[in-house]
Amino acid sequence: MPLTNSPGHTLTFPAVILLAFVLAAGFLLVILSCALWANWLPLFVALTFILAPVPNAICARRAGMDDFSEGNSAYIDFGRFVTGMLVTTGLSLPLLLAHSELIQPAACWMSIAGGGLVYGTILVYSGWFGGGGDDEF
Amino acid sequence: MAIPRAQYDPRRVFRFSLPKFEVGPKTRSAGTYLSGGLFALSFFLLLDAATLSKHAKPPSDAPHDVVPVHMSFVDWIPAICSTIGFLVVSILDKSHLSAAFSGDAWGSSDSAARRARVVLFLGVALLAGGLAGSLTVLILKYIIPEYNGYLYYGIANVGMNGGIMLSAMILWAAQSGSDEYEYQLTV
């Protein structure tokens, strides 16, 4: 499986299958971390990690709208800032919940791992599939 | 007025010139991500203390005692100050300030530069006020009454405000590069 990150590189078929498996494993971990203890608070972690690439996409589109006017990269920077916030939220929310004993420590680590897998899948998929430098995450 | 910036420049005010460092596009994006992460992390520090306080139980050897101290609105006031200060400092357009501080003859009579300086002063004052306020809360609410088991609430508050301040600094340093990196890359 070639790991080249060249723009416009087409996804090979086994890579798609692998990514889908990793995504499913991530969701499995998150849902197990909720369902094993019948406590659905860790589901917020999955929600945060799914939402994490959204601001960059929106802000890149917004900044690309006025392509040849004066350079205003504030939208891109804002998108990056919000992305950093969301990823940190996804990492620290389970730790918070585990610290105040609202969820079990095992559920905390499972939801962090699952959320990381989901976010990593999104990153790798957009890195291969997105191609050009427009929507980098 | 095309005087080259020499070693001796009559328009300078200070003897030492501040080091002017240029950040590349990589550093810029990494600094922005880092700043956002630090911002969220410091908020989660305070939220962690608040959640602990909400779910605090009396000690197990005396289950009918009441928990002596909780986090209240007072603990949130420094956080509010710091957040407003962060927003003010970050939203500010840096180009006005560089014109104001470099003593450029073209930018000196600009009223926008003066307003930018006032707004920057207010923002930094709010940030520093938040940090000082969190120290005040730590000392007056947790150290002086000797709530030693609940010292974490106050320390988390100080850490949160310090983190917001550090995040503002990182964002400022990351944004101090040139603004047109996108166009250097694409065009």
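Filter the stretch B:32-49 for residues that are more than 14 Å from the chain's Cα centre (by Cα) and either under 19 Å from B:Ala174 (Cα atoms) or without any contact (Cβ under 8 Å) to a residue 40 or more places away in the chain (or both) and give the result.
Answer for the stretch B:32-49, where residues must be more than 14 Å from the chain's Cα centre (by Cα) and either under 19 Å from B:Ala174 (Cα atoms) or without any contact (Cβ under 8 Å) to a residue 40 or more places away in the chain (or both): B:Tyr33, B:Phe44, B:Leu47.
Which one is nearest to the other protein chains (Cβ to nearest Cβ), of the residues in the stretch B:42-62 that are farther than 16 Å from B:Gly154 by Cβ and open to solvent by less than 70 Å² (accessible area, probe 1.4 Å)?
Only one residue tops the list, namely B:Phe44.
Which one is farthest from A:Phe129 (Cα to Cα) among residues in the stretch A:30-46 that are open to solvent by less than 50 Å² (accessible area, probe 1.4 Å) and of a type outside the set (Gly, Ala, Ser)?
A:Asn39
From the list B:Val69, B:Val88, which residue is among the β-branched types (Val, Ile, Thr), modelled with pLDDT of 65 or more, open to solvent by less than 70 Å² (accessible area, probe 1.4 Å) and over 30 Å from A:Phe81 (Cα atoms)?
Unique residue meeting the criteria: B:Val69.
Would you please name the residue that is surrounded by the most Cβ atoms within 10 Å (Cβ to Cβ), looking only at residues in the stretch B:105-164 that are hydroxyl-bearing (Ser, Thr, Tyr) and assigned to a helix (DSSP H, G or I)?
B:Ser134
Just give me the residues in the stretch B:44-88 being β-branched (Val, Ile, Thr) and assigned to a helix (DSSP H, G or I), in sequence order.
Matches in the stretch B:44-88: B:Thr51, B:Val74, B:Ile77, B:Ile80, B:Thr83, B:Ile84, B:Val88.
The values are calculated or read from the model by the stated rules, or taken from the named source; none is laboratory data. Since the model is a prediction, treat every value here as computed from it, not as a measurement. All Cβ positions, even for glycine, are placed from backbone atoms using ideal geometry, and neighbour counts span all protein chains on display. With ligands, DNA and RNA removed, areas are computed over all heavy atoms of the protein, side chains included. Shrake-Rupley method; radii C 1.70, N 1.55, O 1.52, S 1.80 Å.
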